[in-house]
Amino acid sequence: MNETLNSIRNRPRFKLYTDLSLEEYESNLRKYLDNNKDKFYGNINKEVATIFVKTKEESYWKPNLALRIEKEDDTTVIRGIFGPSPAVWTFFMFLYFLFTVAWMTFFTLYYVEKQINSNNYPWALPASFAVLVLIGLTYSAARFGQLKAKDEMGELRKFAEESTFHTERKINL
């Protein structure tokens, strides 16, 4: 079991199979959530569940456990993803995209300027370095958020282990 949790930490997706029906698995999750309502809250339905850890203060760094419950042949497949809220994920992906395009633009201006021996964009190289610094700051902010949410991720791993792993038949990571 410990190897599985370490793999989840390194790669926050997991997939497991169970003989429980969709309804039985949904009921199992609801019971576990009700029994632990002092620690967790979330939304559960027949196909999707999103679980959060209760904390004294709400923050943007709050991680969640998203479970997708599907039927394949006679087996119920549970796909889980540990991660930040969709809003935080989208924001950071937007920043990475924006800064990467800006870096490519500034560096291309610098490179073309050197190739044609002009001096129209003397600011292009310093601007590309400034954008690299912004990319580094974005990465640092994401790492800070991961460190800040470390305890909550541990609780979500515990939730995944106690509410789903005991019904497992096979795990693929």
Exercise for review: Considering only the stretch 153-173, state which residues are hydroxyl-bearing (Ser, Thr, Tyr) and either modelled with pLDDT under 50 or surrounded by fewer than 15 Cβ atoms within 10 Å (Cβ to Cβ) (or both).
Suggested key: THR167
Exercise for review: Have a look at ILE81, ILE69 and point out the one that is surrounded by 12 or more Cβ atoms within 10 Å (Cβ to Cβ), out of contact with any helix residue (DSSP H, G or I) (no Cβ under 7 Å at 6 or more places or on another chain), in contact (Cβ under 8 Å) with a residue 12 or more places away in the chain and of a type in the set (Val, Ile, Thr).
Suggested key: ILE81
Exercise for review: Identify all residues within the stretch 105-132 that are part of a helix (DSSP H, G or I) and open to solvent by 90 Å² or more (accessible area, probe 1.4 Å); write none if there are none.
Suggested key: TYR111, LYS114, GLN115, PHE129
Exercise for review: For GLU24, state whether it is farther than 20 Å from SER85 by Cβ, open to solvent by 30 Å² or more (accessible area, probe 1.4 Å) and either modelled with pLDDT of 80 or more or assigned to a strand (DSSP E or B) (or both).
Suggested key: yes
Study note, to complete from the structure: If we keep only residues of the stretch 36-66 that are part of a strand (DSSP E or B), open to solvent by 50 Å² or more (accessible area, probe 1.4 Å) and of a type outside the set (A, V, I, L, M), then the residue farthest from ARG157 (Cα to Cα) is ASN43
Check your understanding: Does any residue of the stretch 89-104 turn out to be open to solvent by 40 Å² or more (accessible area, probe 1.4 Å), modelled with pLDDT under 85 and either of a type outside the set (A, V, I, L, M, F, W, C) or under 23 Å from the mean Cα position of the chain (by Cα) (or both)?
Key -> yes
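The values are calculated or read from the model by the stated rules, or taken from the named source; none is laboratory data. Since the model is a prediction, treat every value here as computed from it, not as a measurement. Positions of Cβ are generated from backbone atoms using ideal geometry, with glycine treated the same way; all protein chains shown enter the neighbour counts. The protein model used for the area step is the full one, side chains on, heavy atoms only, and it has no ligands, DNA or RNA in it. Shrake-Rupley method; radii C 1.70, N 1.55, O 1.52, S 1.80 Å.
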